[in-house]
Amino acid sequence: MSESRRPGFTLIEVIVALVLLSVGTLAVVASGLSAARLITSAHHDEFVANAAATLADSLAASGSVGTGESVSGTIRRTWSVSLSPDSLIRTVQVAVVMEGARDSVVMTSARVMR
């Protein structure tokens, strides 16, 4: 009795190869999803930072003093503008929070009044 082997792969080899290919494919998909989440979060953070900078600039230029809050959709802005006791320094503090963003942005600026 002679045993003849045919060229090719056994069923076990094919199954192992498919499992390894599946694991690799899942890793690539998972890293792509993670990158997409990070990009979305970065866009939110950039939008919030720009909103805070714009509000701080407009409050500093307006010359008004006081506090306020506004809510627009998923964005909440709070601010306060104060003068030092000698009325020489104007301090503007702005906080902007957006639902879905990782962090809120708080900006404080002080300007010498002349």
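None of the figures in this text is laboratory data; all of them are computed from the coordinates on show. Values in this document were obtained by computation on a predicted structure and should not be read as measured data. We place every Cβ from the backbone using ideal geometry, glycine too, and count neighbours over all the protein chains shown.
Here are some notes:
- Folded to 0 to 90 degrees: helix 11-62 orientation relative to the chain principal axis, Cα: 10 degrees
- With the simple model of a label 7 Å out from the Cα in the direction of the Cβ, Ser104 to Ser62 spans 1.9 nm.
- Within-9-Å neighbourhood charge of Val96 [Cβ basis; K, R +1; D, E -1]: +2
- Cβ-based net charge around Leu83, under 11 Å, with every Lys or Arg adding one and every Asp or Glu removing one: +1
- Spin-label pair Ser31-Arg111: with each label point 7 Å from Cα along the Cα-Cβ axis, the two points sit 4.8 nm from one another.
- Annotation for the range 21-112: GluC sites (Glu not before Pro) lying in DSSP loop with at most 15 further Cβ atoms inside 10 Å of their Cβ are Glu99.
- Here the sum of -39500 (n - 2.57) over DSSP H runs of 4 or more residues, divided by the residues of the chain, equals -17000 deg cm²/dmol at 222 nm, to the nearest 500.
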